[in-house]
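The structure follows.
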Amino acid sequence: MSSSNLLSPLPADTDVTLDGSVSTAPTTPDGSLGFSPVTDDFSGNSTVRARLNGRPLSTTLFDTTTRTPPVRNICCVGAGYVGGPTSAVIALHNPHIRVTVVDKDPKRIRRWNSEHPPIYEPGLNDILRIARDGAKECSFPSEPTKSPLGGSEVNSDISTSSSDCDSQCEGHRSETTTIGARPPNLFFTTEVAKCISEADIVLIAVNTPTKYRGNGAGSATDMTAFEAVTAVVAQHARPGATIVEKSTVPCRTAQFVQDTLALHRPNVHFEVLSNPEFLAAGTAIKDLLNADRILIGSNATPTGQRASAALASVYESWIPRERIITTNVFSSELAKLVANSMLAQRISSINSIAAVCEATGADVDEVAKAIGADPRIGSKFLKAGIGFGGSCFKKDVLSLAYLAESLRLPEVAEYWRGVIMMNEFARDRFSARVVRCLNNTLVGKKLTVLGYAFKKDTNDTRESPAVEIIRILAEEGPREIAIYDPCCVPIQMEEEISRFLGPDMLRSNGGPVVVYADAYEACNAADALLITTEFDEFKTSTISTTADPVPSPSVVQAKAGPADPRPFKSLEPTESDFLALHAYMVKSSTNTTLALPEKDPFNRFNPMPDCSEDCPDCQLQKLTGVAGYGASQGHISKGRLDWRKIHYHMRKPHWLFDGRRVVDISTMEKLGFRVESVGRQGR
């Protein structure tokens with residue numbers, strides 16, 4: 001069942017352009033290549049305020065004399081890890097805007113229009129249920145519920161009184177809060193040209209991987225997909241539309257976009273903005289809902305300012321104005337590369353210290369805690385391990401290094417290439433440690449790799465360190481390499497292993513690799529276990545030797561999950577308010593007879609669309625009876641592994657190689673494991 005059949009879609013106003021009319025201005029306005037930052041002032045005598053989702057929205061950004069036309073239609077080209085979640089959150093908070101995600105891959109689009117979307121992100125499903133499927137009217141008590149410990153679970157940060165009449169003060173708060181029904185305003189389709197032609201704003205969110213052949217191979221950004229999409233946008237975009245770079249691109253790409261637009265539409269004016277994403281896999285929805293900053297780069301012209309204002313008004317429906325940073329377009333492009341490169345640098349730095357710790361007897365966690373206490377350094381991104389993965393860090397560091405080389409700054413390029421070298425060193429050193437501890441031979445032995453995704457709470461496996469570790473270990477001729485990941489679909493894992501490591505790597509083709517859907521089967525009769533992803537399921541806690549004390553109310557609340565967010569700040573709760581309340585009710589529900597996908601405490605959700613016949617999640621469930629991988633269900637944590645059970649069924653001497661420092665070493669050694677951990681001196 002298509003989501004568009006649930007409720008009638010919103011009408012698209014195709015008569016509104018962001019600059020108010022069809023422009024005959026030059027394609028590249030004077031001053032558009034300047035590096036002077038766009039002023040960061042939203043104030044003005046003619047500021048227009050609108051009501052949306054219970055909070056005021058600014059419709060005027062920089063220009064104080066011309067009203068910025070409203071945005072009615074947004075098209076996002078690219079239904080991947082950036083385009084899908086970003087569009088979903090924009091649609092959720094802007095029910096008056098039609099948001100369409102387009103992609104040429106029909107299989108991917110079918111999955112977005114089904115019960116099992118192609119990617120997993122915590123919280124994404126609830127947003128899709130509202131924006132993609134539409135939502136029914138629902139009501140609930142305005143007061144918070146009672147906690148099990150007595151009293152009310154009231155968030156102390158939420159004030160219950162205010163001087164204006166829009167507050168949830170005692171004099172204005174009713175006993176019941178109602179959220180109205182809303183039609184679907186998020187759509188997924190393969191009709192690329194049509195949707196681009198109808199959009200006021202076109203977001204380009206396609207993959208820009210590292211180039212692996214030709215000039216700049218191994219460093220330069222492969223712009224093939226971005227260039228192709230830009231040409232399509234140039235041919236079909238409506239006059240006056242704003243083109244937005246969401247993909248991570250090299251600095252000065254905006255000039256290429258302008259040139260492409262001028263080539264195909266020489267007498268039509270378009271504005272090009274840079275609006276890079278700052279999302280982390282596994283927390284993308286949280287990062288979108290509570291963004292610490294939104295970066296918008298534009299040309300320092302009146303039309304550039306109005307385009308930036310229009311895009312900012314979309315974000316202002318849920319992001320405070322002070323978190324929206326405006327720069328010139330090239331600064332925005334470069335800031336994205338630098339941000340990821342600096343984070344990658346932190347990881348490589350602590351991993352270099354981990355190697356020193358292993359040689360000296362120091363503990364890297366203790367060192368990280370000591371230096372992280374310095375406020376000038378901070379504690380984030382100081383967790384030693386087997387290196388970073390994902391689609392961003394390595395690609396962006398290499399892109400920055402290539403940019404420096406092209407600018408004849410070899411010293412700068414060498415500095416940043418060192419970050420990648422250290423990352424590969426940390427990964428390869430872990431693999432060598434495994435082989436060394438197993439008497440320098442893996443022949444006839446079974447190794448179990450716990451974790452295939454590059455980080456926890458995601459099924460994103462791009463540039464995962466586990467992939468290269470599996471390749472290195474396979475060269476040693478083991479009897480079996482078992483792989484288990486609690487968030488990845490086994491069928492898709494096998495397809496990726498076949499594609500990246502070769503089809504001969506799989507047991508079905510005579511190779512050593514076997515993918516399991518059950519952790520205990522994967523660990524059975526293993527000679528060694530390797531933890532390569534920091535999933536909570538793999539963690540351990542210290543064995544208690546004394547009776548547990550009576551927990552305090554704060555401890556009980558922390559274990560119970562989020563507090564009841566009511567009363568809300570506004571009489572008209574936002575969609576973020578509802579999501580917080582929904583999460584609280586689902587978490588605190590004692591009704592365990594309800595399947596997780598159907599948990600709907602307020603009966604607000606419409607039925608989910610049906611899956612296609614080739615849905616890998618449905619195939620897995622039919623074959624194995626195992627559920628909990630699809631985004632519609634979220635990542636169903638199966639609880640922490642029973643390490644005693646695993647130890648019992650392993651082969652002596654029970655090697656455990658912790659590449660993510662997630663297990664308690666003392667606990668595991670008491671169980672009989674021989675633990676080798678990153679950043680800790682081995683045996």
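We did not get these values from a lab; they are worked out from the coordinates using the rules stated. Every value quoted in this text rests on a predicted model; they were computed, and no experiment measured them. Note that we place each Cβ from the backbone using ideal geometry, even for glycine, and neighbour counts take in every protein chain shown.
Lys194: which lysines have alpha carbons under 25 Å from its alpha carbon, excluding same-chain residues fewer than 8 sequence positions away?
Partners within reach: Lys104, Lys107, Lys246.
Only counting other Cβ atoms within 10 Å, I'd like Leu442, Leu382 sorted with the fewest neighbours first. Spell out each step's value before the answer.
Details: Leu442 22, Leu382 19.
The most exposed by this proxy come first: Leu382, Leu442.
Can you grab the distance from the C-alpha centre of region 395-458 to the C-alpha centre of region 169-230, Å, no decimals?
31 Å
Over region 380-491, how many percent of alpha carbon pairs lie in each 10 Å bin up to the one with the longest distance?
Spelled out per bin, shortest first, that is 13, 36, 30, 15, 5, 0.
So for Trp655, Trp112, fewest C-beta neighbours within 10 Å to most, what's the order?
On the way: Trp655 21, Trp112 26.
Sorted ascending by nearby Cβ count, the order is Trp655, Trp112.
Antiparallel DSSP bridges in region 388-547: what percent, to the nearest 5?
Values: 1 of 15 bridges.
That works out to approximately 5 percent antiparallel.
At 37 °C and a viscosity of 0.692 mPa s, what translational diffusion coefficient does Stokes-Einstein give for region 206-345, taking Rh as the Kirkwood radius over Cα pairs? Give it in µm²/s as a whole number.
On the way: Rh = 16.0 Å.
The Stokes-Einstein estimate is 205 µm²/s.
Another question about this same structure. Among all the aspartates and glutamates, which ones have a C-alpha under 17 Å from Lys394's C-alpha, if same-chain residues fewer than 8 places away are not counted?
Once the sequence-local aspartates and glutamates are set aside, what remains near Lys394 is Asp222, Glu277, Glu333, Glu405, Glu414, Glu424, Asp428, Asp460, Glu463, Glu468.
Quick one: which of Lys539/Lys587; Lys445/Lys670; Lys136/Lys587; Lys383/Lys622 span more than 32 angstrom between C-alpha atoms? Intermediate results must be reported in sequence, preceding the final value.
On the way: Lys539/Lys587 21 Å; Lys445/Lys670 24 Å; Lys136/Lys587 21 Å; Lys383/Lys622 39 Å.
Correct reply: Lys383/Lys622.
Arrange Glu572, Glu424, Glu271 by Cβ neighbour counts within 10 Å, fewest through most, would you?
On the way: Glu572 17, Glu424 14, Glu271 29.
By the 10 Å Cβ count, ascending, the order reads Glu424, Glu572, Glu271.
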